[in-house]
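Following: one structure in structure tokens, then a few remarks.
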Amino acid sequence: MRFFEQIEIGHRRELGTHTFTADSIKAFAAKFDPQRFHLDEEEGKNSLFGGLAASGWHVGSACMSLVVADGQRLAREAAACGEEVAVWGPSPGFRDLRWIRPVLAGDTVAYVSVVIDKRTSASRPGWGILTARTTGTNQRGEEVYSITATAFVPARKGG
């Protein structure tokens, strides 16, 4: 993972893809969002979605899983090269969460994150605050998900 000074506005991270199967949609919904159009194909087909639809929370959770996995991959790569690994802090929040189009059973969503702002933290010396817009696009090239999130990112010691 990079340090605050190493990250530029406009930096793009391709986080990976997730395919939403009927079984995974139903399992997530049964546990976290048990609405009829997430649990039953016929109910989904007869809803505004037109098919078994993943919960928006499922779409966001898949994105978060890919964010973490990509961060772990980057940290392993940096460590393998002998580079110092930046350990990022928590997120102070997000805004503009949008579920733009339904994600239906069989859809594969590709997630991408782009840095849109960065600033030094006024209250936490040695830290910066990074803002990124993350989007999800289905296999037809349609944007289905977006969120703007912030994270605390450490500055290099003495830098």
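The values are calculated or read from the model by the stated rules, or taken from the named source; none is laboratory data. This structure is a prediction, so every number in the text was calculated from the model and none was measured. Please note: Cβ atoms are built from the backbone with ideal geometry, for glycine as well, and neighbour counts cover all protein chains shown. What goes into the accessible areas is simple: the full protein's heavy atoms, side chains included, and nothing from ligands, DNA or RNA. Shrake-Rupley method; radii C 1.70, N 1.55, O 1.52, S 1.80 Å.
Can you tell me which residues in region 91-109 are hydrophobic (A, V, I, L, M, F, W, C) and surrounded by 17 or more Cβ atoms within 10 Å (Cβ to Cβ)? Give the derivation first.
Residues of region 91-109 hydrophobic (A, V, I, L, M, F, W, C): 94, 97, 99-100, 103-105, 109.
Matches in region 91-109: TRP99, VAL103, LEU104, ALA105, VAL109.
In region 120-148, which residues are in contact with a Lys or Arg (Cβ under 9 Å, 6 or more places away or on another chain), within 24 Å of PHE28 (Cβ to Cβ) and outside any strand (DSSP E or B)?
Scanning region 120-148 gives ASN138, GLU142.
Among the candidates ARG2, ARG13, single out the residue that is open to solvent by 40 Å² or more (accessible area, probe 1.4 Å) and in a strand (DSSP E or B). Before you say what the answer is, go through the steps one by one.
On the way: ARG2 fails: in a strand (DSSP E or B).
On inspection, the qualifying residue turns out to be ARG13.
Every residue, every condition in (1) in contact with a His (Cβ under 6 Å, 6 or more places away or on another chain); (2) buried (at least 18 other Cβ atoms within 10 Å of the Cβ); (3) in a strand (DSSP E or B), yes or no:
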{"residue": "PHE28", "(1), (2), (3)": "yes, yes, no"}
{"residue": "LYS31", "(1), (2), (3)": "no, no, no"}
{"residue": "PHE37", "(1), (2), (3)": "no, yes, no"}
{"residue": "GLU43", "(1), (2), (3)": "no, no, no"}
{"residue": "TRP57", "(1), (2), (3)": "no, no, no"}
{"residue": "VAL85", "(1), (2), (3)": "no, no, no"}
{"residue": "GLY89", "(1), (2), (3)": "no, no, no"}
{"residue": "VAL115", "(1), (2), (3)": "yes, no, yes"}
{"residue": "LYS118", "(1), (2), (3)": "no, yes, yes"}
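Regarding region 60-67, can at least one residue be identified that is of a type outside the set (Ser, Thr, Tyr) and either surrounded by fewer than 14 Cβ atoms within 10 Å (Cβ to Cβ) or touching a helix residue (DSSP H, G or I) at 6+ places or on another chain (Cβ under 6 Å) (or both)?
To start, the set of residues in region 60-67 that are of a type outside the set (Ser, Thr, Tyr) comprises 60, 62-64, 66-67.
If we keep only those that are either surrounded by fewer than 14 Cβ atoms within 10 Å (Cβ to Cβ) or touching a helix residue (DSSP H, G or I) at 6+ places or on another chain (Cβ under 6 Å) (or both) too, we end up with none.
Checked against the condition, which is being of a type outside the set (Ser, Thr, Tyr) and either surrounded by fewer than 14 Cβ atoms within 10 Å (Cβ to Cβ) or touching a helix residue (DSSP H, G or I) at 6+ places or on another chain (Cβ under 6 Å) (or both), region 60-67 yields no hits at all.
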